[in-house]
Amino acid sequence: MPDLSLINNLWVILAAILVFTMTVSVGLLEVGELGERFSNSFFKTILITCSALFLMAFVGFNTAFAPTIDGIIGNPLYNGIFLGGFSTNSSGILSGVWWSMTPQYFGTGLTTGTYFLFEAAFASVTLALVAVVALRKLKLEAFAAFTIVYFMLIWNLPAAWIWNPTGWLYLMVVRDFAGGLIVHGAAGAAGLGIVYKIWQEEKRRGLKESPTASFSINPGWLTLSILLLWVGWFGFNPGSVLAFNNEATVVVLTTFLAAASAFLSVMFFEYLIAKKNPGLLYAVNGILMGLIIITPLAGFVSPASAVILGLVGGPLYLAGERWLGRYKWFSDPVGLFPGHLLGGVFGIAMIAFFTQHAFAAASGNSNLPDGLLFGGGMAAVQQLGLEMFAVVVVLAVVFLISYVSIWLIGLLMHGITTDYKKEETTV
Amino acid sequence: MPDLSLINNLWVILAAILVFTMTVSVGLLEVGELGERFSNSFFKTILITCSALFLMAFVGFNTAFAPTIDGIIGNPLYNGIFLGGFSTNSSGILSGVWWSMTPQYFGTGLTTGTYFLFEAAFASVTLALVAVVALRKLKLEAFAAFTIVYFMLIWNLPAAWIWNPTGWLYLMVVRDFAGGLIVHGAAGAAGLGIVYKIWQEEKRRGLKESPTASFSINPGWLTLSILLLWVGWFGFNPGSVLAFNNEATVVVLTTFLAAASAFLSVMFFEYLIAKKNPGLLYAVNGILMGLIIITPLAGFVSPASAVILGLVGGPLYLAGERWLGRYKWFSDPVGLFPGHLLGGVFGIAMIAFFTQHAFAAASGNSNLPDGLLFGGGMAAVQQLGLEMFAVVVVLAVVFLISYVSIWLIGLLMHGITTDYKKEETTV
Amino acid sequence: MPDLSLINNLWVILAAILVFTMTVSVGLLEVGELGERFSNSFFKTILITCSALFLMAFVGFNTAFAPTIDGIIGNPLYNGIFLGGFSTNSSGILSGVWWSMTPQYFGTGLTTGTYFLFEAAFASVTLALVAVVALRKLKLEAFAAFTIVYFMLIWNLPAAWIWNPTGWLYLMVVRDFAGGLIVHGAAGAAGLGIVYKIWQEEKRRGLKESPTASFSINPGWLTLSILLLWVGWFGFNPGSVLAFNNEATVVVLTTFLAAASAFLSVMFFEYLIAKKNPGLLYAVNGILMGLIIITPLAGFVSPASAVILGLVGGPLYLAGERWLGRYKWFSDPVGLFPGHLLGGVFGIAMIAFFTQHAFAAASGNSNLPDGLLFGGGMAAVQQLGLEMFAVVVVLAVVFLISYVSIWLIGLLMHGITTDYKKEETTV
């Protein structure tokens, strides 16, 4: 393994372990916002972490990242089950690198071990975001069954389309730097699929509104969760360069400046509205909003653009929160829809406005044109169309498969929800 | 320092800081399982961490890792006290590397600073495991005295025998990748030595059973402890390659897959038994069991073997827990014996079954033959004998020295236990 | 970017993320010592973190680290606002490195992204230390206004003088390895400026003593805070070599040995005084004292010197705590003055005693002479004078600017304090 591959592997595997912590950190976030009564979120997020590792190794890494069948899905048998099984000579295990990291593709020299842990951690945290809507509502068995479909198919399809260099959307030059659509947008769509099924069962039980957990801030866990998620995003975005180079250090800047700017923006506007210290909950959501918005384009933009995107995030979050708060048929206690769905899709759209070709090329995306604000003209307009097309396709497909899967699971298990009385049987 | 040495040092020193966090994480684990009443575990584990750094620097690093005297113990004066003292030219301090990291031995180019922090962190966490049996029972003074013997002699002997390239067991080709015996097994043996002395004093005070702390789960600290230990093991096992190369990324796979598989296995079997959500305590112990089992052979096996070993860990843990729970003469509130002792020794035995020569060679253990399941034949049977011989020798010696040490301490201090009434005097 | 620059950047950017966590960890420390009633320290430290990132990027990184105007202050327009703004070709963004990291200066090849995150994190944690005196006393608006001055001017001047290779004190060969004066000492001086203004307002309201938060230990958060700060210091000191080389691994030794030694020293002397388990609070303060003392000279001394410095730290801390506890006109609940101010200045003075030229040269400070204890003679005496001169200048200037700033803010805002009744309006 030549030296550059070594340092790229070191960077990405360290990024991977940071992203790995984010799933349980989502559990800490739930408990931080809703109180220790909801501590089964810890169990839920540990379950998600282990399931992601096991099922992505079993076959999900192949369906997402093996050479695709017609651009649609990775060949599930490409590297055998469990990452080469007992082979001492499988792709990237002891000699050579994962195929898409060889010079004719991304060329960063990542081994199977490195790339697997990084992507399994991404898959894991995506389901953790989805599962905030399942809070104390889904039966353990139903959630476990959904997990199996999720890590073998649902998470994997958008990844195979956009992050796999043979995917059909990738070949159309759709780009999503670190998962504004593949992680945050798709999490929103899958969550909507589940929430809709929950609402159908709740209506059938005669409920007029979906029971929602009310806020009960636990300041310690909430603070720890945002600290861990913030540090996790240092792996999430800068690690998504899949190499350690100058641009990776630029992505550190764009990521952290967007977060700081969105925080200050939420503080400023909320202070104008409420005339008092906005408090920890808005602080946490401001940071998250900045991190979410910058995710799909952190590797394409300048630090000053990241500041602007972050500042815009403040009003966007406050508006989204008020607008979505009016719907009573779903419970979204920790803000999957106003944060991750809205912010992720907004960030994807901004690719066509803020991209500067030099940054995109340095993060390995040399096909991406300058954005509208940087003289991209018609190429940028076309990119906007492409990205919006990808948003519609991915959200629709993920919503549909998620809904159908959970509907089938409900059919087999006589409903996916309990009557919410036996808490030890839900996740 | 040539480039490969640089990246090896960077990897191992980062691994070291992760392992460093594990000692206090054991304190978090105790509080997570037994409740905040037991928060003096925090003090205890901080005391262990600082003592390990100080005493290993004083002389313990030499007794374990300096060139040995007849294969038995490292020369305590090899590099002076406190890692070369005031010398600017001592082994590995500013020029050159620690002797066993030079090309004629392991050849990975680690400096004294890197290797010391890594191994001091290992010693530290081993005593943290031992000390779970001391919970609120040992006098502070008795524990402090034991600590001195522990970091200068007890931890150091097995390390000098098996991890030091001039140790007598190393030369017989006994191997223990990251401490199934040296850490987990030996911790169990030392713990047994202390627990036996505690029981003698308790009997003398007329007790019929050893008072045991009952479970009082604190979900937040328990979750944080397993998250930190999990991430710590990313340093513990992959760092034990003592270099950053392809095999280090394979060890990441084997470690994380074993943990995930053991978790799922414990969940599955406990769910079959109890027909409900097994909850956080089984989740945590499942992950730990997988991590413990894979530790002695993480660098010798394939990812699929790691999955099998993890799956076996579930029933093994559940059986061990029920079997050892019948003994009333010792208190083992957080599972030193069913987890670390049983799991560590089981993992050591599995070396002779699951090793694949190509992986072992890539982690620097080219003398290790294929295991029985991979055509190792008589060589594997011989390896099994060797490993079991090492288990018996190490457990016996560590138990004996620990018992004799704590007995002498008890003699000097009029007993090692208090009557458990003045809590501020115990650790 | 050549290979050595790559590994230097990787080391320092990882160090940066560790230092980044330390600001919120100071919030955890406050809550750990004073109880969950004071959980607005979490909000305060998040606010500090985001403000540091935003304001240092806006212009503060330039005023501290751009080429200075006459050695006094960095050129605020050197690299534009927000680290080059929208430029794809600014200093160090995509090609080349930050000017002071080029071969004619420090030569370690750090990019703007790497160096910025590292130094912004330093600035952030410095204000977190200052702000422990503001606990629940300063109005949010007053604190926010102070923050703006702080990150554009107050933190930046000493950094421009001593850490910037064109600074006037740097050119006089004043050295401060990782911030004994620039961080800890200056934090004490700025804190004194604020505390004095608070006391003026409290006297005017008729108070005879400054209301102080009493200790209410929360063992979990206190333990977590010291664990995170300890690990953060692994970034703080070893990262301050600004390169990854043999000396960086020596700094790991000196840092961790000083901490362990100071802990054991505080334990020993406090046990002699109180004849019981000293408990968690002394444990935490012992570790901190060791870390603070070694900070200004961690890269200049041998491991054995670090042990001695740590052991001295115990009595120094216990004396400082008793001596400063007699003053009732300021509230210093978590020990800014006996810990950071006293320890930092003590460490600065020790440079002239314990420095060994070979270590200093290896950390990039080849102009520093041997200390008095290592035959430095008159050169060491002169160094002592220089360092003490720098201490006086920096503490006086930082105190004055801080006091004047907060006084002006008080003038504009009708006082910087509330009557302490409406807690939601203070930080």
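Things worth noting here:
- Any hit, segment C:331-339, residues being modelled with pLDDT under 95 and hydroxyl-bearing (S, T, Y): yes
- Matching entry among A:V392, A:V381, A:V397, A:V345 (being without any contact (Cβ under 8 Å) to a residue 24 or more places away in the chain and in a helix (DSSP H, G or I)): A:V392
- Residues of segment C:234-249 that turn out to be under 17 Å from B:A121 (Cβ atoms) and either charged (D, E, K, R) or facing another protein chain (nearest Cβ under 7 Å) (or both), as a count: 2
- Note on segment A:257-299: among residues that are part of a loop (DSSP other than H, G, I, E, B) and farther than 11 Å from A:G314 by Cβ, the one that is nearest to the chain's Cα centre (by Cα) is A:A298.
- Filter pass, B:G364 being outside any helix (DSSP H, G or I) and on the phi > 0 side of the Ramachandran plot: yes
- Assessment of segment A:212-235 against the conditions (at pLDDT below 95 and in contact with a Phe, Trp or Tyr (Cβ under 7 Å, 6 or more places away or on another chain)) yields at least one matching residue.
- Residue in segment C:234-254 that is surrounded by fewer than 17 Cβ atoms within 10 Å (Cβ to Cβ), out of contact with any Asp or Glu (no Cβ under 7 Å at 6 or more places or on another chain) and of a type outside the set (S, T, Y) present: no
- Taking the conditions (1) more than 13 Å from C:L228 (Cα to Cα); (2) at the interface with chain A (Cβ under 8 Å from one of its Cβ atoms); (3) crowded, with 24+ Cβ neighbours inside 10 Å in turn, C:E33 satisfies each one other than (2).
- Test: residue in segment B:318-329 that is acidic (D, E), at pLDDT below 95 and out of contact with any His (no Cβ under 7 Å at 6 or more places or on another chain): yes
- Residue ID - surrounded by the most Cβ atoms within 10 Å (Cβ to Cβ), chosen from residues in segment C:272-296 that are farther than 28 Å from C:F354 by Cα and within 8 Å of another protein chain (Cβ to nearest Cβ): C:N277
- Filtered residues of segment A:357-374 (kept if more than 13 Å from C:L94 (Cβ to Cβ), surrounded by 19 or more Cβ atoms within 10 Å (Cβ to Cβ) and within 13 Å of chain C (Cβ to nearest Cβ)): A:D370, A:G371, A:F374
- Among the residues making up segment A:189-218, those that are in a loop (DSSP other than H, G, I, E, B) and either of a type outside the set (K, R) or within 14 Å of chain C (Cβ to nearest Cβ) (or both) are A:G206, A:L207, A:E209, A:S210, A:P211, A:T212, A:A213, A:S214, A:F215, A:S216, A:I217, A:N218.
- Residue in segment C:131-148 that is assigned to a loop (DSSP other than H, G, I, E, B) and within 10 Å of chain A (Cβ to nearest Cβ) present: no
- Filter result for C:F330 (surrounded by 24 or more Cβ atoms within 10 Å (Cβ to Cβ) and not in a helix (DSSP H, G or I)): no
- The condition of being touching a residue at least 60 places away in the same chain (Cβ under 8 Å), within 18 Å of the chain's Cα centre (by Cα) and within 11 Å of chain B (Cβ to nearest Cβ) holds for only one of C:W230, C:W221, that being C:W230.
- Output for segment A:102-127, where each listed residue is away from chain B (no Cβ under 13 Å) and crowded, with 24+ Cβ neighbours inside 10 Å: A:T108, A:F122, A:V125, A:T126, A:L127
- Some residue of segment A:70-93 being closer than 30 Å to A:I194 by Cα and within 13 Å of chain B (Cβ to nearest Cβ): yes
- Boolean, B:L55 is part of a helix (DSSP H, G or I) and either at pLDDT 95 or above or surrounded by fewer than 18 Cβ atoms within 10 Å (Cβ to Cβ) (or both): yes
- Criterion: at the interface with chain A (Cβ under 8 Å from one of its Cβ atoms), assigned to a helix (DSSP H, G or I) and either surrounded by fewer than 24 Cβ atoms within 10 Å (Cβ to Cβ) or not aliphatic (A, V, I, L, M) (or both) - qualifying residue of C:T21, C:T63: C:T21
The values are calculated or read from the model by the stated rules, or taken from the named source; none is laboratory data. On a predicted model such as this, the values are computed, not experimentally measured, just so you know. We place every Cβ from the backbone using ideal geometry, glycine too, and count neighbours over all the protein chains shown.
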